1. Count, please, the residues in region 118-139 that happen to be part of a helix (DSSP H, G or I) and either closer than 28 Å to ALA322 by Cβ or touching a strand residue (DSSP E or B) at 6+ places or on another chain (Cβ under 6 Å) (or both).
2. Check GLY132 against each of (1) open to solvent by 50 Å² or more (accessible area, probe 1.4 Å); (2) over 24 Å from TRP232 (Cβ atoms) and name the one condition it does not meet.
3. Would you point out the residue of region 266-322, among those that are closer than 19 Å to ILE195 by Cβ and of a type in the set (Lys, Arg), that is most open to solvent (accessible area, probe 1.4 Å)?
4. Touching a helix residue (DSSP H, G or I) at 6+ places or on another chain (Cβ under 8 Å), of a type in the set (A, V, I, L, M, F, W, C) and modelled with pLDDT of 95 or more - does that describe any residue in region 312-320?
5. Name the helices (runs of 4 or more DSSP H) wholly within region 2-55 that hold at least 2 residues that are at pLDDT 85 or above, farther than 20 Å from ALA150 by Cβ and open to solvent by less than 70 Å² (accessible area, probe 1.4 Å)?
6. From the set of residues in region 155-182 that are in contact (Cβ under 8 Å) with a residue 60 or more places away in the chain and of a type in the set (D, E, K, R), which is most open to solvent (accessible area, probe 1.4 Å)?
7. Given the options MET124, MET88, name the one that is surrounded by 12 or more Cβ atoms within 10 Å (Cβ to Cβ) and at pLDDT 90 or above.
Amino acid sequence: MTRPPRTRRPTMTDIAKLAGVSQSTVSLVINHMSGAKVSRVTRETVLRIARELGYPVERHAHLAAAQAQARNLIVYLTDELTTSPHAMQTIDGAKDGAWEHDCLVAVFATRGDPEVEAAVFARMLDHPALLGVIYSTIFTRAVTVPAALAATPAVLLNCHTRDRGRAAVVPSELLGGYAATMHLIENGHSRIGFINGEHWIEAAAERLKGYRQALSTADIPFDPVLVRSGDWQVAAGYEHALGLLDLAQRPTALFCANDLMAIGALDAARERNLAVPRDLSIVGYDDQDIARYTHPPLTTVLLPNYEMGRWAADSLIAQVRANHTARAVIKMECPLVVRDSVAPPPV
């Protein structure tokens with residue numbers, strides 16, 4: 001294959017032919033596109049041939065950096081907005097983080113419909129102001145990143161890939177479950193009921209692991225009779241709490257995997273004429289606004305939605321502006337929020 005005559009300026013097509021790659025690959029390398037999956041060998045080959053041909057590689061690098069600074073639009077894609085307050089909290093965090101970097105966030109809800117998702121990508125990925133994408137899910141889970149994002153800077157929010165190929169932030173659910181259960185243990189409880197969500201949901205599985213790990217740490221045997229699977233709703237918390245409280249050897253404390261089920265457990269305690277926390281301690285999870293207005297106010301675990309949203313925006317902007325692709329999966333702390341629903345067990 002002959003090199004192009006020196007009478008004309010070399011093009012990306014010339015580089016692509018000599019390197020044996022596509023023109024789009026050359027463009028990704030020359031323009032230093034963050035997030036592009038191009039091997040180190042291919043990248044070095046393209047840059048070497050470009051310099052040999054006299055292609056203005058350095059000028060393009062400076063131009064790419066300037067364009068990265070000018071791009072200020074973040075597309076926030078989520079599968080759901082209306083099922084809980086969590087989505088809006090993460091969006092608020094992302095918007096606030098973006099605003100501090102002079103960036104804006106455009107939110108699109110797809111309801112998990114691939115056609116809607118594809119339509120958003122078709123209209124937004126070529127937007128001249130696009131900085132990158134925050135790809136979010138309402139339930140923490142493993143996802144397959146859409147092929148349309150292969151060459152687009154993106155951060156995963158409340159989800160992750162199994163191969164850890166993209167930067168992601170998820171809540172540390174195991175440690176949250178551990179903190180809730182350990183708080184009850186430290187208050188003297190050893191017979192602790194656990195009302196969980198559906199077992200197939202990743203958050204439920206991780207919170208159960210945290211519960212079991214705390215029991216193991218305190219040398220308290222795990223008793224499967226004390227574990228019930230609900231559906232995250234008040235009615236499930238109420239029904240499962242009644243079942244636990246009617247055991248011959250009832251628990252002295254209940255850990256509920258979300259605040260709604262904990263509210264149901266509070267109702268069940270009243271149904272059985274048990275005062276909380278004098279006769280029964282209850283801990284929730286999520287720290288929804290309602291948790292501070294129950295009677296008594298509910299001890300719970302904070303799900304760091306806002307903080308995860310901020311991290312996602314900050315991380316995406318930093319990657320793009322530094323021409324650096326991050327692949328770390330961050331597990332964000334779920335701290336305990338102590339209120340008035342826990343006390344030592346009755347003597």
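The values are calculated or read from the model by the stated rules, or taken from the named source; none is laboratory data. Bear in mind the structure is a predicted one, so any value in this text is a computation, not a measurement. Cβ atoms come from the backbone with ideal geometry, glycine included; neighbour counts cover every protein chain shown. Ligands, DNA and RNA are excluded from the accessible area calculation, which covers all protein heavy atoms including side chains. Shrake-Rupley method; radii C 1.70, N 1.55, O 1.52, S 1.80 Å.
1. Within region 118-139, the first condition is being part of a helix (DSSP H, G or I), and the residues that meet it are 118-124.
Within this subset, residues satisfying the condition of being either closer than 28 Å to ALA322 by Cβ or touching a strand residue (DSSP E or B) at 6+ places or on another chain (Cβ under 6 Å) (or both) are 120-121, 123-124.
Going through region 118-139 one residue at a time, the tally reaches 4.
2. Status for GLY132: all satisfied but (1).
3. If we take residues in region 266-322 being closer than 19 Å to ILE195 by Cβ and of a type in the set (Lys, Arg), then ARG270 is most open to solvent (accessible area, probe 1.4 Å).
4. Filtering region 312-320 down to residues touching a helix residue (DSSP H, G or I) at 6+ places or on another chain (Cβ under 8 Å) leaves 312-314, 317, 320.
From what's left, of a type in the set (A, V, I, L, M, F, W, C): 312-313, 317, 320.
Okay, now just the ones that are also modelled with pLDDT of 95 or more, so 312-313.
Yes: region 312-320 contains one or more residues that are touching a helix residue (DSSP H, G or I) at 6+ places or on another chain (Cβ under 8 Å), of a type in the set (A, V, I, L, M, F, W, C) and modelled with pLDDT of 95 or more.
5. Values: elements: 12-19, 23-30, 40-53.
Qualifying helices (runs of 4 or more DSSP H): 12-19, 40-53.
6. Result: ARG164.
7. Numbers: MET88 fails: at pLDDT 90 or above.
Exactly one residue qualifies, and that residue is MET124.
Residue-by-condition table, conditions (1) open to solvent by 30 Å² or more (accessible area, probe 1.4 Å); (2) within 30 Å of ALA205 (Cα to Cα):
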| residue | (1), (2) |
| --- | --- |
| HIS101 | yes, no |
| PHE108 | yes, yes |
| ASP113 | yes, yes |
| VAL143 | no, yes |
| LEU149 | no, yes |
| PRO153 | no, no |
